[in-house]
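Trainee: I'd like to ask you about the structure that follows.
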Amino acid sequence: FPVTICSDAGAGKRVEKVVKHLSCSLGRVDFRLIRCEKVRDVTTGELKDFYVPSVDLEGAPTMIVDDINCMGGTFIGLGKKLREHNCGKIMLFTSHADCVEGIQKIVENFDHYYTTNSKQNWGNFAFTFDGRFTCLPLRF
């Protein structure tokens, strides 16, 4: 079953709720949650590095869960670190995507990207990503 990845401290509580909900919904208690961190230059805000706890993911698929993807920098940097830790497929789940450039960067570096149409109906765009992008409709 996929290892759930928390990309940074800000996502911690949200990701814990997702894992708890999935555990209850699927009747599984074997969810693994790994908390990662990103390092920024405090003067420029530029992403400098990413921290993944020392663990061998043993080829397990991973799913990063977060609220928003702006340009993809956090997730691409984290994805590279996860590959160094022997992960299998990498999937990203976000509730919002801000721009097509961010989506393109993720799809180029991840096995699949799931987001919603909360900001834009990405499903209506004339671009394709070889089946590696899914825009989930929100229910209102």
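The values are calculated or read from the model by the stated rules, or taken from the named source; none is laboratory data. Since we're looking at a predicted model, the values are computed, not measured. FYI the Cβ positions are ideal-geometry reconstructions off the backbone, even for glycines, and counts take in every protein chain you see. Remember, those area values only see protein heavy atoms, side chains included, never the ligands or the DNA or RNA. Shrake-Rupley method; radii C 1.70, N 1.55, O 1.52, S 1.80 Å.
Trainee: Taking H placed 1.01 Å from N in the peptide plane, check which residues at least 5 places from Leu136 or on another chain put their amide H under 5 Å from its amide H.
Mentor: Those lying under 5 Å, H to H, from Leu136 are Thr115, Thr116, Asn117.
Trainee: Right, something else. Find, among the trypsin sites (Lys or Arg not before Pro) in the range 1-82, those assigned to loop by DSSP (not H, G, I, E, B) with at most 15 other beta-carbon atoms within 10 angstrom. Could the numbers behind the result be given before it?
Mentor: On the way: sites: Lys13, Arg14, Lys17, Lys20, Arg28, Arg32, Arg35, Lys38, Arg40, Lys48, Lys80, Lys81; in loops: Arg28, Arg32.
Here the trypsin sites (Lys or Arg not before Pro) that fit, given the DSSP loop and packing criteria, are Arg28, Arg32.
Trainee: For the range 1-44, which whole-number percentage of the solvent-accessible area (1.4 Å probe, protein heavy atoms only) is attributable to carbon and sulfur atoms?
Mentor: Details: 1680 of 2870 Å².
Ligands and nucleic acids excluded, carbon and sulfur reach 58 percent.
Trainee: Could you report the chain's accessible area per residue, 1.4 Å probe, as an integer in Å²? Intermediate values should be presented prior to the final figure.
Mentor: Details: 8050 Å² over 140 residues.
Ligands and nucleic acids excluded, the figure is 57 Å² per residue.
Trainee: At a Cα cut-off below 20 Å, give the lysines reachable from Lys81, other chains included and same-chain residues fewer than 8 away excluded.
Mentor: Lys38, Lys48, Lys89, Lys105
Trainee: Using only the alpha carbons of the chain, determine the length spanned along each of the three principal axes and report them from longest to shortest in whole angstroms.
Mentor: Principal-axis extents of the Cα atoms in the chain, largest first: 45, 41, 27 Å.
Trainee: May I pose another question? When the dipole is taken about the Cα centre of the chain, and only Lys, Arg (+1) and Asp, Glu (-1) are charged at their Cβ, what size is it in debye, to the nearest 20? Write down the numbers at each step before the final one.
Mentor: Working: 18 positive and 17 negative charges, 85 e Å.
My answer is approximately 400 debye.
Trainee: Suppose we flag GluC sites (Glu not before Pro) only when DSSP calls them loop and at most 12 other Cβ atoms lie within 10 Å. Which is the longest uninterrupted stretch of the chain?
Mentor: Working: sites that count: Glu46, Glu58.
In the chain, the maximal stretch lacking such sites is 59-140.
Trainee: Restricting to the chain, what percent of DSSP beta bridges are antiparallel, rounded to 5?
Mentor: Of those bridges, close to 15 percent are antiparallel.
Trainee: Viscosity 1.002 mPa s, temperature 20 °C: what is the translational diffusion coefficient of the range 40-112 from Stokes-Einstein with a Kirkwood Rh over Cα pairs, rounded to a whole number of µm²/s? List each step's numbers first, then the result.
Mentor: Working: Rh = 12.9 Å.
It comes out at roughly 167 µm²/s.
Trainee: Let me ask something else about it. For the range 54-121, give the percent of accessible area contributed by carbon and sulfur heavy atoms, probe 1.4 Å, rounded to a whole number. Before the final figure, lay out each step's value.
Mentor: Values: 1390 of 2970 Å².
Reported share for carbon and sulfur atoms: 47 percent.
Trainee: Same structure again: Work from the charge dipole of the chain (Cβ charges, +1 for Lys and Arg, -1 for Asp and Glu, about the Cα centre) and give the residue of Leu57, Ile68, Val15 farthest towards its positive end.
Mentor: Going by the Cα projections, it comes out as Val15.
Trainee: Something else: What residues qualify as long-range amide H neighbours of Asp8, i.e. H under 5 Å apart, gap of 5 or more or another chain, H built at 1.01 Å from N?
Mentor: Residues meeting the criterion, in which the H sits 1.01 Å from N, are Cys36.
Trainee: Continuing with the same structure: By the scheme Lys and Arg +1, Asp and Glu -1, what is the net charge of all other residues having a beta-carbon under 15 Å from that of Val15?
Mentor: Working: positive: Lys13, Arg14, Lys17, Lys20, Arg32, Arg35, Lys38; negative: Asp8, Glu16, Glu37, Asp66, Asp67.
Around Val15, the surrounding residues sum to +2.
Trainee: If you don't mind, there's one more thing I want to ask. GNM, the chain, Cα, under 10 Å: largest mean-square fluctuation among Phe75, Phe31, Phe93?
Mentor: The residue with the greatest mean-square fluctuation here is Phe31.
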